[in-house]
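The values are calculated or read from the model by the stated rules, or taken from the named source; none is laboratory data. In this text the structure is predicted, and so the values were computed from the model without any measurement. Because the Cβ atoms are built from the backbone with ideal geometry, glycine has one as well, and the counts that use them run over all protein chains shown.
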């Protein structure tokens with residue numbers, strides 16, 4: 001049930017503050033250029049109450065000749081990035097925003113170049129952005145450590161600037177968006193069904209979740225529901241994605257402290273799970289498996305057996321690996337109390353996914369707003385209260401076993417259903433009403449992925465806004481690193497294991 | 001024949017490094033690079049162009065060569081398979097450890113000179129560890145030389161060969177101490193991770209991040225020699241069998257083979273320790289090193305009391 005509240009641009013900040021005060025959390029915020037329809041821009045803040053299962057859309061129509069609105073960030077800190085991004089890409093100024101630095105662009109704003117405005121041609125050249133780094137004025141005993149954007153390992157680019165006092169991090173600033181590919185702009189004008197190909201490539205390792213969020217947004221937009229068999233297959237796909245991610249993350253945390261036994265076995269198990277993905281779906285990252293309206297391919301009895309036997313083999317292995325990791329003295333010493341994220345900070349920053357649950361907050365989209373066939377399953381949501389690296393590791397280990405159980409249940413349901421015909425796998429896509437929009441939410445291995453899709457008058461994509469879990473969680477990494485040893489930062493970073501590409505889009 | 005022994009040590013150092021890498025790979029279920037890879041890496045670096053950090057001064061240019069020269073001098077002080085005289089500085093422990101300290105000094109200067117924040121942090125950590133480890137080394141070696149009062153390696157070897165069996169407890173304690181010292185000094189887990197790409201966590205590698213070409217080759221090679229020197233020191237002090245006095249050609253050859261076997265054995269042990277360990281928190285390294293210091297103190301006491 002979505003409540004829509006339309007307010008004046010000068011009041012939207014206050015209205016958002018009121019919802020935040022009532023216990024709603026900001027799920028996403030989207031700016032759209034609707035000048036063709038109404039001669040104005042629109043900003044939409046989506047607030048949800050996870051307990052009462054309520055969703056509220058606060059909307060302000062912003063006249064094209066005065067593109068500004070009152071910022072919600074002073075009252076809703078989680079709105080910080082969204083509002084800066086809307087200013088960078090659409091040129092709508094959030095009045096009263098405390099730190100209106102460029103987010104997507106580094107260094108300087110380009111003036112009248114706003115790529116997400118409809119009159120901006122995607123092929124147009126942008127002027128070069130000059131990045132000026134002034135030496136920071138620091139008190140005695142403090143120094144700065146700049147890291148990246150190019151890193152020594154094969155990882156994505158991001159610039160981190162640590163303010164240090166001895167070995168201790170006093171402040172950290174992360175400049176991301178080096179992998180901004182303009183996916184949202186590119187999707188505009190594509191047929192709704194094809195936009196999925198863009199959406200699922202937002203992220204390398206959360207393809208299924210992004211595809212699901214997009215497909216669900218479109219399904220909500222045209223008001224269809226995927227067939228039941230497709231729902232069960234979607235569950236299997238989403239959980240297979242969680243398995244290989246969580247196993248890989250557990251191994252990566254070990255690599256962050258040079259614990260090679262854990263790192264190598266984590267890498268091996270992840271590889272075996274990805275080979276299973278390849279055998280079952282034809283893609284190691286499970287791409288191309290989800291379709292708008294259902295799934296692109298079935299999951300025959302032979303493939304179901306393949307999944308089952310692989311899980312029977314790998315689950316005891318992972319269990320043994322978890323025991324080795326959790327009983328290692330040095331490993332436990334390094335992980336405990338490191339990179340602590342308090343539940344209060346997590347709530348303030350709008351953190352999602354395992355990172356939130358490892359700070360003791362029980363929230364999981366699969367249980368709270370079920371999609372696919374999750375509504376028919378009982379979802380256990382383990383939580384760990386400590387909020388440190390150890391808790392995030394244990395969280396992933398616990399969720400691994402939960403996912404295995406869900407896959408087994410879903411496979412069993414598919415076993416007992418009659419063999420599906422092609423029509424049982426994917427519902428036909430009716431034409432969309434002009435400027436109708438839908439929101440799709442799914443729980444990726446990193447947390448909630450939210451896609452906002454609006455159709456245009458030809459039934460194609462008018463606006464796509466991808467809010468990945470990484471986008472929501474990056475501010476938490478910089479917050480959790482403060483007061484830790486700088487040598488622990490790689491470990492803290494890996495315990496969140498956020499993606500740069502789906503944050504930057 | 002001392003030249004032959006020094007030369008064998010200098011030439012064999014990269015092989016020992018490659019051996020550790022290979023053992024670690026095997027223990028981790030990987031194939032790993034060939035044991036000859038360190039030689040290939042050195043050859044590659046030697047042929048490469050040198051790029052300088054914009055803040056580099058003459059220190060960056062001469063520091064690496066200085067470090068390489070100093071490890072050669074240190075190698076000339078440590079007996080390999082001959083405990084007779086003729087070693088540089090009379091194989092004095094003070095001279096040897098001071099030379100290694102100078103190598104560290106040169107490396108730290110090179111790191112600081114690059115102006116990189118990583119190198120500066122790494123240099124700070126390296127100096128912290130050296131501060132904690134140096135008294136331990138002296139104490140451990142003092143325990144060995146206390147009964148005979150000869151603070152030279154040749155003297156210690158002779159003493160250990162003559163009376164080592166009756167000082168077994170002390171020898172074992174010194175061995176444990178020196179293994180911890182060697183792990184720290186060679187930048188290995190659980191103190192430093194030689195295989196990491198995470199600059200923020202580096203100690204030894206961090207100081208070399210801005211070096212390229214021949215300078216990097218020189219520092220890498222001197223680190224490999226330094227590693228083999230520590231293994232040799234442990235072999236000399238704790239396992240001194242068959243280090244002959246003025247050996248003939250055949251005995252010397254046999255002695256060299258046995259020395260190499262002892263060093264590869266220690267290298268294998270280090271690889272096993274590294275595989276089972278994770279990296280300690282930087283400030284928890286002090287705990288490990290004070291444990292080593294305690295072992296050394298007990299070794300001295302074991303000497304004095306029994």
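Looking across B:189, B:209, one residue alone is in contact (Cβ under 8 Å) with a residue 60 or more places away in the chain, at the interface with chain A (Cβ under 10 Å from one of its Cβ atoms) and under 21 Å from residue B:59 (Cβ atoms). It is B:209. The residues of the range B:23-33 that are surrounded by fewer than 20 Cβ atoms within 10 Å (Cβ to Cβ) and part of a helix (DSSP H, G or I), listed by number, are B:25, B:26, B:27. The strands (runs of 3 or more DSSP E) found entirely in the range A:55-174 that carry 3 or more residues being within 22 Å of residue A:40 (Cβ to Cβ) are A:68-70, A:93-95. Criterion applied to B:228, B:211, B:269, B:178 was being more than 15 Å from the chain's Cα centre (by Cα) and under 21 Å from residue B:13 (Cβ atoms), and the one residue passing it is B:211.
State yes or no: is residue B:87 in contact with a helix residue (DSSP H, G or I) (Cβ under 7 Å, 6 or more places away or on another chain) and either over 24 Å from residue B:262 (Cα atoms) or at pLDDT 95 or above (or both)? Talk me through it step by step, then tell me what you get.
Working: in contact with a helix residue (DSSP H, G or I) (Cβ under 7 Å, 6 or more places away or on another chain): yes; either over 24 Å from residue B:262 (Cα atoms) or at pLDDT 95 or above (or both): no.
The answer is no for residue B:87.
If you check A:148, A:166, A:189 for being touching a strand residue (DSSP E or B) at 6+ places or on another chain (Cβ under 8 Å), at positive phi and within 14 Å of chain B (Cβ to nearest Cβ), only one passes: A:148.
If you go through the range A:262-282 and keep only what is more than 19 Å from residue A:392 (Cα to Cα) and surrounded by fewer than 21 Cβ atoms within 10 Å (Cβ to Cβ), you end up with A:264, A:268, A:271, A:272, A:274, A:275, A:278, A:279, A:282.
Condition check ((1) out of contact with any helix residue (DSSP H, G or I) (no Cβ under 9 Å at 6 or more places or on another chain); (2) crowded, with 19+ Cβ neighbours inside 10 Å; (3) without any contact (Cβ under 8 Å) to a residue 12 or more places away in the chain) across all residues:
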| position | (1), (2), (3) |
| --- | --- |
| A:19 | yes, yes, no |
| A:32 | no, yes, no |
| A:39 | yes, no, no |
| A:47 | no, yes, no |
| A:53 | no, no, no |
| A:71 | no, yes, no |
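Consider the range B:243-285. How many of its residues are more than 14 Å from chain A (Cβ to nearest Cβ) and either assigned to a helix (DSSP H, G or I) or crowded, with 21+ Cβ neighbours inside 10 Å (or both)? Let's see the steps before the verdict.
Going residue by residue through the range B:243-285, those that are more than 14 Å from chain A (Cβ to nearest Cβ) are B:243-269.
Next, only the ones that are either assigned to a helix (DSSP H, G or I) or crowded, with 21+ Cβ neighbours inside 10 Å (or both) stay: B:243, B:249-269.
Summing the residues that are more than 14 Å from chain A (Cβ to nearest Cβ) and either assigned to a helix (DSSP H, G or I) or crowded, with 21+ Cβ neighbours inside 10 Å (or both) in the range B:243-285 gives 22.
Evaluated against (1) touching a residue at least 60 places away in the same chain (Cβ under 8 Å); (2) within 14 Å of another protein chain (Cβ to nearest Cβ); (3) in contact with a helix residue (DSSP H, G or I) (Cβ under 6 Å, 6 or more places away or on another chain), residue A:311 falls short on exactly one condition, (2). Please verify whether the range B:196-204 includes one or more residues that are closer than 12 Å to residue B:122 by Cα, more than 10 Å from chain A (Cβ to nearest Cβ) and not in a loop (DSSP other than H, G, I, E, B). Yes, there is a match, as at least one residue in the range B:196-204 is closer than 12 Å to residue B:122 by Cα, more than 10 Å from chain A (Cβ to nearest Cβ) and not in a loop (DSSP other than H, G, I, E, B).
Candidates are the residues of the range A:328-346 that are facing another protein chain (nearest Cβ under 10 Å) and free of Cβ contacts under 8 Å to residues at least 24 places away in the same chain; the one that is surrounded by the most Cβ atoms within 10 Å (Cβ to Cβ) is A:333. Among the numbered conditions (1) surrounded by fewer than 17 Cβ atoms within 10 Å (Cβ to Cβ); (2) part of a loop (DSSP other than H, G, I, E, B), the only one that residue A:387 does not meet is (1).
Between A:205, A:280, A:218, A:236, which is in contact (Cβ under 8 Å) with a residue 12 or more places away in the chain and over 23 Å from the mean Cα position of the chain (by Cα)? Of the residues listed, the single one that is in contact (Cβ under 8 Å) with a residue 12 or more places away in the chain and over 23 Å from the mean Cα position of the chain (by Cα) is A:280. The condition of being under 30 Å from residue A:488 (Cα atoms) and without any contact (Cβ under 8 Å) to a residue 12 or more places away in the chain holds for only one of A:258, A:248, A:262, that being A:258.
Checking A:78, A:64 one by one, the residue that is in contact (Cβ under 8 Å) with a residue 60 or more places away in the chain, touching a helix residue (DSSP H, G or I) at 6+ places or on another chain (Cβ under 9 Å) and not assigned by TED's automatic domain parsing to the domain that holds residue A:457 is A:78 and no other. Within the option set B:84, B:91, B:73, B:98, being more than 27 Å from residue B:196 (Cβ to Cβ) and in contact with a strand residue (DSSP E or B) (Cβ under 6 Å, 6 or more places away or on another chain) holds for one residue only, B:91. Taking (1) touching a residue at least 24 places away in the same chain (Cβ under 8 Å); (2) closer than 19 Å to residue B:116 by Cα; (3) under 23 Å from the mean Cα position of the chain (by Cα) in turn, residue A:176 satisfies each apart from (2).
State which residue is surrounded by the most Cβ atoms within 10 Å (Cβ to Cβ) when the search covers only the range A:396-426 and only residues that are over 15 Å from residue A:238 (Cβ atoms) and out of contact with any helix residue (DSSP H, G or I) (no Cβ under 8 Å at 6 or more places or on another chain). I'd like the intermediate steps shown before the answer.
Quick first cut of the range A:396-426, residues over 15 Å from residue A:238 (Cβ atoms) only: A:396-398, A:401, A:412, A:415-426.
When the remaining residues are screened for being out of contact with any helix residue (DSSP H, G or I) (no Cβ under 8 Å at 6 or more places or on another chain), the result is A:398, A:412, A:416, A:418-419, A:421-423.
Details: A:398: 20, A:412: 13, A:416: 7, A:418: 7, A:419: 10, A:421: 10, A:422: 9, A:423: 10.
My answer is A:398.
Checking the condition away from chain A (no Cβ under 14 Å) and not in a loop (DSSP other than H, G, I, E, B), which residue from B:293, B:288 passes? Before the answer, list the steps.
Numbers: B:288 fails: away from chain A (no Cβ under 14 Å).
Only one candidate passes the filter, namely B:293.
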